[in-house]
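Chemist: Quick one: this structure, given as structure tokens, is what I'll be asking you about.
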Amino acid sequence: MVCIALYNLKGGVGKTATAINLAYLAAANGLKTVIWDLDPQGSSSFYLNVQPSIKNESRKLLSNEITLKEAVQDSAFENLWIVPSDMSARNADVVLDEMKQSKKKLKSLLSGLRNFDLVILDCPPGISLLHDNIFNAADWLLMPNIPTTLSIRSFETVLHYFKENELDAGKIKCFFSMVDHRKNLHHEVMQEFYRDKIFFKNYIPYLSDVEKMGTHQQPVFEYANSSYAAQCYRDLWQEIKKTCL
């Protein structure tokens, strides 16, 4: 089993859209894939039209009241499952802080999904005890970045945090997201980081077909399979697959 976390210190950079579309492609490639929605907003759960089966399920998962395997639900797509989120996920740091080995709880829970090939964590923004768990549990940390000054500053802040806390920065892989070709700044930032070979070559432009995921509650491929957006996600998936799987 490989665990990939979609993470950024900032919100609104395309984590959930990428998590859903990569998971869909992985499942279509025959990989038994689970998305674990860790964000109290529950956007991945919304996109796949799945709700938790019990009240406060996210909190109960972390406090061992239910197992992760019990929380896994079918999606509408073959080989794709989801652990949905609810608002009780906002208490994750409080629950984790009360535990021994609190930075390794997520990794321990993930052992219950060994029968799957790929787990994708859709992470909330920030750096907290929950994120320390994510950093420990994930084999790869996939960071979407909008090519702007503040977004890149967030990326550099995460790199500094990894160095300060002696975490493995080698597991961080980045790509550009929500790229607006009309903006010179986006092109300039992308070229600077491509020279340093820090980011994946493929990127996700700012496209209306991606925004429509919320309207359709589906991955891009279900309603715009021949679109430029769908092809961009396919190209990114191929690059990620070569590196991470």
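Chemist: May I ask you to work out the translational diffusion coefficient for the chain at 4 °C, viscosity 1.567 mPa s, via Stokes-Einstein with Rh from the Kirkwood sum over Cα pairs, reported in whole µm²/s?
Modeler: Diffusion coefficient, whole number: 72 µm²/s.
Chemist: Listed here are the pairs Lys104/Lys173; Lys55/Lys105; Lys60/Lys241; Lys55/Lys103; Lys55/Lys171; Lys69/Lys173; which of them are more than 30 Å apart at the Cα?
Modeler: Pairs exceeding 30 Å: Lys60/Lys241; Lys55/Lys171.
Chemist: Same structure again: What is the magnitude of the charge dipole of the stretch 90-221 about its Cα centre, with +1 placed on the Cβ of each Lys and Arg, -1 on the Cβ of each Asp and Glu, and no other charges, expressed in debye to the nearest 20?
Modeler: Dipole of the stretch 90-221, to the nearest 20 debye: 200 debye.
Chemist: Between Arg153 and Asp235, what length comes free when the chain is fully extended (0.36 nm per residue of separation minus the Cα-Cα distance, one decimal in nm)?
Modeler: Here the segment from Arg153 to Asp235 would lengthen by 26.9 nm.
Chemist: Name the residue from Ser44, Pro219, Ala19 whose Cα lies farthest towards the positive end of the charge dipole of the chain, charges +1 on Cβ of Lys and Arg and -1 on Cβ of Asp and Glu.
Modeler: Ala19
Chemist: A further question follows. I want the antiparallel fraction of DSSP beta bridges within the chain, as a percent rounded to 5.
Modeler: 5
Chemist: Just the number please: accessible area per residue for the chain, 1.4 Å probe, all protein chains included, in Å².
Modeler: Solvent-accessible surface per residue comes out at 47 Å².
Chemist: For the chain, which longest stretch is free of loop sites, where a loop site is one of the GluC sites (Glu not before Pro) that DSSP puts outside H, G, I, E and B and that has at most 12 other Cβ atoms within 10 Å?
Modeler: No qualifying site falls inside 167-245, the longest such stretch.
Chemist: So how much slack lies between Lys55 and His216, counting 0.36 nm per residue of separation and subtracting their Cα-Cα distance, in nm?
Modeler: 55.4 nm
Chemist: Also, quick follow-up: Once phi is turned into ³J(HN,Hα) by the Karplus curve 6.51 cos²θ - 1.76 cosθ + 1.60 with θ = phi - 60°, what whole-Hz value does each residue of the stretch 184-191 show in order, with x for glycine and proline?
Modeler: 4, 4, 4, 5, 5, 5, 4, 5
Chemist: Tell me which trypsin sites (Lys or Arg not before Pro) from the stretch 33-100 have a DSSP coil assignment and no more than 14 other beta carbons within 10 Å of their own.
Modeler: Hits after loop and neighbour filter: Lys55, Lys100.
Chemist: Mind listing the long-range amide H neighbours of Ile172? Cut-off is under 5 Å, sequence gap 5 or more, other chains count too, H placed in the peptide plane at 1.01 Å from N.
Modeler: Close amide H contacts, sequence-distant or interchain: Leu141.
Chemist: Give me the percent of accessible area attributable to carbon and sulfur for the stretch 1-144, probe 1.4 angstrom.
Modeler: 46
Chemist: Of all alpha-carbon pairs in the stretch 1-51, indicate the percentage at a distance above 14 angstrom.
Modeler: 53
Chemist: Using the basic label-point model (7 angstrom from Cα toward the beta carbon), what is the Met1 to Ser108 distance in nanometres?
Modeler: Distance between label points: 1.5 nm.
Chemist: What value, in deg cm²/dmol to 500, does the helix sum -39500 (n - 2.57) over DSSP H runs of n ≥ 4 give at 222 nm once divided by the residues of the chain?
Modeler: -12000 deg cm²/dmol
Chemist: Next question. Please work out the ratio of the alpha-carbon Rg of the stretch 92-234 to 2.2 N^0.38 Å and round it to two decimals.
Modeler: Relative to the 2.2 N^0.38 Å estimate, the stretch 92-234 comes out at 1.20.
The values are calculated or read from the model by the stated rules, or taken from the named source; none is laboratory data. None of these values were measured; they are calculated from a predicted model. Positions of Cβ are generated from backbone atoms using ideal geometry, with glycine treated the same way; all protein chains shown enter the neighbour counts. Areas reflect the complete protein model, heavy atoms only, side chains present, ligands, DNA and RNA absent. Shrake-Rupley method; radii C 1.70, N 1.55, O 1.52, S 1.80 Å.
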